[in-house]
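Everything on this sheet refers to the single structure shown next.
The values are calculated or read from the model by the stated rules, or taken from the named source; none is laboratory data. These numbers were taken from a predicted model, which means no experiment stands behind them. Reconstructed Cβ throughout: ideal geometry from the backbone, glycine too, with neighbour counts over all protein chains shown. These accessible areas exclude ligands, DNA and RNA; they are computed on the full protein's heavy atoms, side chains included. Shrake-Rupley method; radii C 1.70, N 1.55, O 1.52, S 1.80 Å.
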Amino acid sequence: MRTLYSAAHTGKEPGMNNFEQLFDVAVIGGGPAGLSAGVALARALRSVVVIDAGGQRNLRAEGVHGFLTREGMSPQQFLAAGRAELAGYGGTAVTGFVRSAERKCGNFVLSLEDGSTCTARRLLITSGSEDELPDLPGLNERWGRDVLYCPYCHGWEIRNQKVGVLAAGSHAVLQALTFRQWSQDVTLLLNGELTLSPGHREQLDARCVRVVDGRVRGLVVQDDKLTAVTLEDGSAVPLEVLVVSPATVSRTNMLQVLGLEPVGLEEGPGTRLHTDASGQTSCPGVWAAGNVTDVSAQVMTAAAAGLKAAAAINADLVLEDTRLAVEAARASAR
């Protein structure tokens, strides 16, 4: 579901967006990567518009973690501060959902759901990704609270609690061993998805990680807190936290006209948009940053990727501006 920010967040009135200028850069997605890039480009005196449909991946989390000086700040406050900073440097942030992007006359034309269009010389995709959770009743309602995935995002907050790891493949062993760093009470739930090798058994036993056979059939929640999971045989395993492995799918439908298709992840289910080290895609003039290309990126690393892509885009525009200036100078000298 797409959640649109209100006019109070964007400084724009609801309704059709009105784009009358040719922007140097259009950014699709206003999360940490997009806003970081937008601010960097605005500070480089580029005209930049950040188009955001909301629904950022971490909005259900209580706070941002792993971001120096912003520890515990709510995701909503973080985004609001980023938009205010962008506006302070003359950048434009609007609410909107980009349906498609295509190249026309050397520029990129974005078509929005409200019927408006936006044209820019360069394009940065920071539209993020979506987590497709395992099919387990009640899981979605607990996501980002006591059902989670990233130990570096939530490990401190769930330290010393009873942690269960729901297996979705062999990487569940490493997940269980990793969460053992934050808790001495870790249970690996094989869930019919994993047969342990003798080596894995030895590792788990050495770290006192319990192993439970049988498929998980549901969650037990009391007073709005996870207390256990139930198995197919009717038994229950006491837990306070459940670790899952979602399929993380990049949001790139708007790029199909440009010939950009996501690729499968090297490990686990999901997709991402492939880029080079600077964030440039296989389509000239298009860059990508954040979770759309790195599904494991946290807020700080996504913001850093946005900054890196912004620098690359500005360098590319500098070269084009110089080429056009040389052509104009030669023409006037004739």
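Structural remarks
- Flag for A168 being in a helix (DSSP H, G or I) and outside the structural domain of E261 (by the TED database): no
- Meets criteria (over 21 Å from L265 (Cβ atoms), open to solvent by less than 20 Å² (accessible area, probe 1.4 Å) and either in a helix (DSSP H, G or I) or not aliphatic (A, V, I, L, M) (or both)) for C118: yes
- Scanning segment 232-290 for residues that are more than 25 Å from G155 (Cβ to Cβ) and in a helix (DSSP H, G or I) gives N253, M254, L255, Q256, V257, L258.
Each row is one residue, and each column tells you yes or no for (1) under 23 Å from N291 (Cα atoms); (2) surrounded by fewer than 18 Cβ atoms within 10 Å (Cβ to Cβ); (3) within 26 Å of the chain's Cα centre (by Cα).
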site: Y152; (1), (2), (3): yes, yes, yes
site: Q175; (1), (2), (3): yes, no, yes
site: Q181; (1), (2), (3): no, yes, yes
site: G192; (1), (2), (3): no, yes, no
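- Single residue of R159, R145, R201 found to be part of a helix (DSSP H, G or I) and open to solvent by 40 Å² or more (accessible area, probe 1.4 Å): R201
- For the criterion of being buried (at least 17 other Cβ atoms within 10 Å of the Cβ) and of a type in the set (K, R), R99 fails.
- Top-ranked residue in segment 291-334 [being in contact with a strand residue (DSSP E or B) (Cβ under 8 Å, 6 or more places away or on another chain) and assigned to a loop (DSSP other than H, G, I, E, B); ranked as farthest from V39 (Cα to Cα)]: V295
- Scanning segment 219-261 for residues that are in contact with a helix residue (DSSP H, G or I) (Cβ under 9 Å, 6 or more places away or on another chain) and either among the hydrophobic types (A, V, I, L, M, F, W, C) or open to solvent by 40 Å² or more (accessible area, probe 1.4 Å) (or both) yields L219, V221, L226, V241, L242, V243, V244, R251, E261.
- Within segment 96-125, considering residues that are among the polar types (S, T, N, Q) and in contact with a strand residue (DSSP E or B) (Cβ under 6 Å, 6 or more places away or on another chain), the one farthest from C283 (Cα to Cα): T117
- Against the numbered list (1) on the phi > 0 side of the Ramachandran plot; (2) open to solvent by less than 30 Å² (accessible area, probe 1.4 Å), G91 comes up short only at (1).
- Qualifying residues in segment 39-72 (those that are modelled with pLDDT of 95 or more and in a loop (DSSP other than H, G, I, E, B)) - the one surrounded by the fewest Cβ atoms within 10 Å (Cβ to Cβ): L45
- Here Q76 meets each of (1) under 18 Å from the mean Cα position of the chain (by Cα); (2) in contact (Cβ under 8 Å) with a residue 24 or more places away in the chain; (3) in a helix (DSSP H, G or I) with one exception, condition (2).
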